[in-house]
Amino acid sequence: MKSEKPWSGRFTEPTDSFVEAFTASVAFDRHLYRHDIAGSIAHARMLAHVGVLTSEECELIVKGLKEIEAEIDAGRFEWSTALEDVHMNIEARLIERIGDAGKKLHTGRSRNDQVATDLRLYLRDGIDEVNAAVRRLQEALLGVAEREADTILPGFTHLQVAQPITFGHHLLAWFEMLARDRERFTDCRKRVNIMPLGAAALAGTSYPIDRLHTAKALGFDAPAENSLDAVSDRDFAIEFVSAAALLMTHLSRFSEELILWSSSQFGFIELSDAFCTGSSIMPQKKNPDVPELVRGKAGRAHGNLVALLTLMKGQPLAYNKDNQEDKEPLFDSLDTVLGSLKVFAEMIPLMSVKRDAMRRAAQRGFATATDLADYLVRKGVAFRDAHEIVGRAVRRGIETGQDLSEMKIEVLQGFSPAIDTDVYAVLTLDGSVAARNHVGGTAPEQVRAAIKRARKRL
């Protein structure tokens, strides 16, 4: 393959060999070859449509590009660092295959609008993959939530036992976080799906191009309105990486809970052996490596966001070589998100839930104290007074090692004469969760109703 630069007419000296290697991006932007070829095919057909290319030249170009794609797919394509990037590598190979007709493909465009188009095509496909992967994880969560709709565990604030909840309700909280993530990616896709092609280097082109024709062929909603903006900004990539960072934050939070719950101190769940490893020295260990690694990968996703924000913040209009550095963080974020979602969707349905351990933990932390306060309020006691009464009762329980439900009625009445024997109905864990019987509440009835609504939203 020829390695002559397209700008060689302007220069009298060859590019320094180190500079050539330093500025080359083909090692990573070859990732875009399918999208580059798709954009080139649409561009060629548009040029034929407006009469810049003959139909014969167009078909020769299209045939050549498809053959090159097959070469790359088969691993037979020779990538050249001297040709810098995916665009020039493919174009040089096209000229090599079909001759002078291949030299006409670049008419009316620049690598500036070409790469911006390729990135948008790549991200559009990536967003569709991410949303499908999020949906699979959501479906997995709903399946486990339905199975565990009646399972009681302690709900925590500050990692202190707060109130009893159902495990199904807890899993639905994860579902809602993911639902917002999907919305963010879907919304991001609207701004991704705008076509830069036709902006050329920065000012447009003097050729009679039809950008609407190209946009329709590539499935874009519209061509970019301003040529300067089209080639220079990477806000669409930053928005994607931001959504990815937030999704990974959510997965990191899920991971943290799975790690805690699988420890002997909690003992709430057991992860499948397929998603754990052992210790090289301690034979009893079963380490939650997958959620730990996902928690770590969230840091990478956050770093990619900071990298892209920093990359863009000081750039004047229009295109700058800085933007070559936009791809690796973008590619990494997409790969990280897809891998993390895949492993979570497979891991969640296979985890074992230790229901007895969850219930015992809920019984140890005076989880029904709020229910006693609510009981007193319903009996006519002012809330602040009820709060103080229950606080004294809890202090007594700590001193005696008794839960509120284990105290004799005479003891409870010593804190307030408003308390009667019917109090024991609200001091049970099952009674407590059942009482939260409203939309968004933790009652098993509401959990099952929420699952039905959630499935309709998928």
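Residue by residue through the range 307-335, note down the ones that are closer than 24 Å to Leu228 by Cα and free of Cβ contacts under 8 Å to residues at least 12 places away in the same chain. Answer for the range 307-335, where residues must be closer than 24 Å to Leu228 by Cα and free of Cβ contacts under 8 Å to residues at least 12 places away in the same chain: Thr310, Lys313, Gly314, Pro316, Asp322. Kindly indicate whether any position in the range 157-171 is within 22 Å of His250 (Cβ to Cβ), free of Cβ contacts under 8 Å to residues at least 40 places away in the same chain and in a helix (DSSP H, G or I). Yes, because at least one residue in the range 157-171 is within 22 Å of His250 (Cβ to Cβ), free of Cβ contacts under 8 Å to residues at least 40 places away in the same chain and in a helix (DSSP H, G or I).
Within the range 221-234, one or more residues are modelled with pLDDT of 95 or more, over 17 Å from the mean Cα position of the chain (by Cα), in a loop (DSSP other than H, G, I, E, B) and hydrophobic (A, V, I, L, M, F, W, C). Residues in the range 82-93 that are part of a helix (DSSP H, G or I) and more than 13 Å from Asp36 (Cα to Cα): Ala92, Arg93. For Gly303, the criteria (1) crowded, with 16+ Cβ neighbours inside 10 Å; (2) in contact with a Pro (Cβ under 9 Å, 6 or more places away or on another chain) hold in every case but one, which is (1). In the range 231-255, the residues that are in the same structural domain as Leu197 (by TED's automatic domain parsing) and over 28 Å from Ala116 (Cβ atoms) form Cβ pairs under 8 Å with partners that are in a helix (DSSP H, G or I) and among the hydroxyl-bearing types (Ser, Thr, Tyr), at six or more places apart or across chains, as follows: Leu251/Ser340.
When we screen Asp181, Asp113 for residues that are part of a helix (DSSP H, G or I), crowded, with 19+ Cβ neighbours inside 10 Å, in contact (Cβ under 8 Å) with a residue 24 or more places away in the chain and touching a His at 6+ places or on another chain (Cβ under 7 Å), the only hit is Asp181. Going by the structure shown, is Arg396 in contact (Cβ under 8 Å) with a residue 12 or more places away in the chain, within 30 Å of Phe254 (Cα to Cα), of a type in the set (D, E, K, R) and touching a helix residue (DSSP H, G or I) at 6+ places or on another chain (Cβ under 8 Å)? Taking the combined requirement at face value, the residue does not satisfy it. Assess whether Val134 counts as being over 18 Å from the mean Cα position of the chain (by Cα) and under 19 Å from Leu458 (Cα atoms). Considered against the rule, which asks whether it is over 18 Å from the mean Cα position of the chain (by Cα) and under 19 Å from Leu458 (Cα atoms), Val134 comes out as no.
Could you grab me the full set of residues in the range 306-331 that are aliphatic (A, V, I, L, M), surrounded by 16 or more Cβ atoms within 10 Å (Cβ to Cβ) and assigned to a helix (DSSP H, G or I)? Spell out the reasoning first.
Within the range 306-331, the subset aliphatic (A, V, I, L, M) is 306-309, 311-312, 317-318, 330.
Cutting the leftovers down to surrounded by 16 or more Cβ atoms within 10 Å (Cβ to Cβ) gives us 307-308, 311-312, 318, 330.
Residues satisfying the conditions are Ala307, Leu308, Leu311, Met312, Leu330.
Within the set Leu376, Leu334, the sole residue that is part of a helix (DSSP H, G or I), at pLDDT 95 or above and within 16 Å of the chain's Cα centre (by Cα) turns out to be Leu334.
Residues to consider are Val447, Val426, Val411; find the one that is in contact (Cβ under 8 Å) with a residue 40 or more places away in the chain and over 17 Å from Gln363 (Cβ atoms). Walk me through how you get there before you give the answer.
Values: Val426 fails: over 17 Å from Gln363 (Cβ atoms); Val411 fails: in contact (Cβ under 8 Å) with a residue 40 or more places away in the chain.
Answer to the check: Val447.
Residues in the range 145-191 that are modelled with pLDDT of 95 or more, aliphatic (A, V, I, L, M) and out of contact with any helix residue (DSSP H, G or I) (no Cβ under 6 Å at 6 or more places or on another chain) were compared, and the one that is nearest to Lys342 (Cα to Cα) is Ala179.
Going by what's in this entry, would Leu83 be described as at negative phi and either of a type in the set (S, T, N, Q) or buried (at least 23 other Cβ atoms within 10 Å of the Cβ) (or both)? Here the answer is yes, as Leu83 does meet what is asked.
The single condition among (1) crowded, with 23+ Cβ neighbours inside 10 Å; (2) touching a Pro at 6+ places or on another chain (Cβ under 9 Å); (3) more than 22 Å from Ala21 (Cα to Cα) that Ala140 does not satisfy is (1).
The values are calculated or read from the model by the stated rules, or taken from the named source; none is laboratory data. The structure presented is a predicted model; accordingly, all values stated were derived computationally and were not measured. With ideal geometry, Cβ positions are generated from the backbone for all residues, glycine too; neighbour counts draw on all protein chains shown.
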